[in-house]
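For reference, the structure discussed in these notes is given below.
The values are calculated or read from the model by the stated rules, or taken from the named source; none is laboratory data. For clarity, every value in this text was computed on a predicted model and none was experimentally measured. Don't worry about glycine lacking a Cβ; one is built from the backbone with ideal geometry, like all the others, and counts go over all protein chains shown. The protein model used for the area step is the full one, side chains on, heavy atoms only, and it has no ligands, DNA or RNA in it. Shrake-Rupley method; radii C 1.70, N 1.55, O 1.52, S 1.80 Å.
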Amino acid sequence: MICMLRQRFHLMLRSIRFISESQNVSPKYFVTTPIFYVNAAPHIGHLYSALLADAASRWQRLLGCEVLFSTGTDEHGLKIQQAAKAADKEPLSFCHEVSYTFKNLFQEADIAYTDFIRTTEDRHRKAVEHFWKKLEKNGYLYKGNYEGWYSTQDEAFLSADQVTDKTDPDGQTVNKVSLESGHPVEWTKEENYMFRLSEFRSRLLDWINRGVIKPAKFEGILRQLLVADLSDLSVSRQRSRLQWGIPVPGDDTQTIYVWLDALINYLTVAGYPDSHAIWWPSTYHIVGQDILKQVKLSLENYAIHCTGP
């Protein structure tokens, strides 16, 4: 245990050193953590991310920068809908309770964030709706049929090479699971809105090649995934299947996919769509490596940034 804690401590010091020593020529400094899913109580990994961002923001304040430091909770999606039902609670009440545990943890740890965003807030809903309409206006969305594997626990669409068979002790196949997480998957076929992610391969590679991802080993992982495959993304779910989320503007049969919804939180905090230009793009996103590996989720964020909010 002591050895593990020592390794964690040294890793945190290296991360803080990278963030602190990186050049920041702007008098404004915007740092974000992931927003944390409220299907369960917080754990040490959540606090670790927040501590990294807190250390970076405190250092920048000492240097005289105006700091925007955001964290918060991700509160939509099928997993939340199911967790609330299992707890015999309304989804919003369920989200209130779990979001409070994150906020309380960060207060106890003296995390000096300037904004705690919740995706169930009205300001976020307005930002997501505006962004969706802009994507639609610019021709980045189209209606299409999605057919493939879906993991509810990961809230992720998966290709055939991202799933594997789970077998019982006798070697008989029990079900299909995600190769990455081991969570069960189910075959899904439905008509959704698709985002033209495949059009952004070269621009995404150019963005990655600027050295924006640290540590560098994760840059290599993303580059390999980009070269291998970059399909268009399903960015909505049928409302009959998923009610707990933001409806697609102008189409009440569809709900905006939770990852597209969640990733806009950084823009919401920056003041999108009215006053985000003074903060955007952010100086640092602190992101868990599991999100980076899920290329069809995380690269959606970067591709959307390329469209220019």
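In terms of distances greater than 31 angstrom between alpha carbons, the cross-link table entries Lys176/Lys217; Lys79/Lys103; Lys103/Lys137; Lys79/Lys143; Lys28/Lys133; Lys28/Lys134 yield Lys103/Lys137. Normalised Debye scattering of region 83-125 at q = 0.25, 0.26, 0.27 Å⁻¹ gives log10 I(q)/I(0) of -0.92, -0.95, -0.97, counting only Cα atoms as equal scatterers and leaving out solvent. Rounded to the nearest 0.05, the FRET efficiency derived from the C-beta distance between Glu147 and Asp251 at R0 = 30 Å is 0.90.
Sorted largest first by accessible area at a 1.4 angstrom probe radius, with every protein chain in place, the residues Val287, Val177 fall in the order Val287, Val177.
Using a probe radius of 1.4 angstrom, the carbon and sulfur fraction of the accessible surface of region 111-203 is 43%. Per residue, region 73-212 exposes 55 Å² of accessible surface when a 1.4 Å probe is rolled over the protein heavy atoms with every protein chain present. Highest mean packing comes first when the peptides 70-82, 117-129, 136-148, 95-107 are listed by Cβ atoms within 10 Å, giving 70-82, 117-129, 95-107, 136-148.
Among His183, His43, the sequence by solvent-accessible area, most first, with a 1.4 Å probe is His43, His183. Label sites at Ala87 and Thr101, each approximated as a point 7 angstrom past Cα along Cα to Cβ, lie 0.7 nm apart. Cα centroid separation, region 150-169 to region 181-235: 17 Å.
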